[in-house]
1. Probe 1.4 Å, all protein chains in place: accessible area of S7 in Å², nearest 10?
2. DSSP loop trypsin sites (Lys or Arg not before Pro) in the chain with at most 15 other Cβ atoms within 10 Å of their Cβ, which ones?
3. Just add up the charged neighbours of E24: K/R +1, D/E -1, any other residue whose Cβ is under 11 Å from the Cβ of E24.
4. Carbon and sulfur: what percent of the chain's accessible surface (1.4 Å probe)?
5. Just how large is the dipole of the chain about the Cα centre, in debye to the nearest 20, putting +1 at every Lys and Arg Cβ and -1 at every Asp and Glu Cβ?
6. Quick check: residue separation of R10 and E77 times 0.36 nm, minus the Cα distance between them. What number comes out in nm?
7. Nearest 10 degrees, 0 to 90: what angle lies between the long axis of helix 40-64 and the longest principal axis of the chain (Cα atoms)?
8. For a test of understanding, tell me how many lysine pairs in the range 1-70 have Cα atoms under 27 Å apart, given they are 8 or more places apart or on different chains.
Amino acid sequence: MTIVPVSDLRNYNKVLKQVSYGNEVALTKNGKAQYAIVDIEELERLRAERWLMSELRKSEMDIEAGRITNLEDVRKEFGL
């Protein structure tokens, strides 16, 4: 991760050249990281991972609540 002050955006082309897949640019404001610039492919990957983790969590909650059906029961229900 590259860290630059937000004031460096005055020369945004220089900042954007530092962004690549796997290398975000963190923009600081008053010495603290406030914003991030990421490659669009990386953003899409991060969103997909977040969605997958959310779906896995829902599945875990279903298992914990006993809302599951095993494969054998499904086969019996559908006559397979």
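The values are calculated or read from the model by the stated rules, or taken from the named source; none is laboratory data. Keep in mind it's a predicted model, so treat the numbers as computed, not measured. Heads up, the Cβs are rebuilt from the backbone with ideal geometry, glycines too, and the neighbour counts pull from every protein chain shown. Heads up: the accessible areas ignore ligands, DNA and RNA and are worked out on the full protein's heavy atoms, side chains in. Shrake-Rupley method; radii C 1.70, N 1.55, O 1.52, S 1.80 Å.
1. 50 Å²
2. Loop-located and lightly packed - K17, R67.
3. -2
4. Of all accessible area on the chain, carbon and sulfur atoms account for 54 percent.
5. Around 540 debye, computed over the chain.
6. 17.6 nm
7. The angle comes out at about 30 degrees.
8. Lysine pairs satisfying the spacing and distance rule in the range 1-70 number 4.
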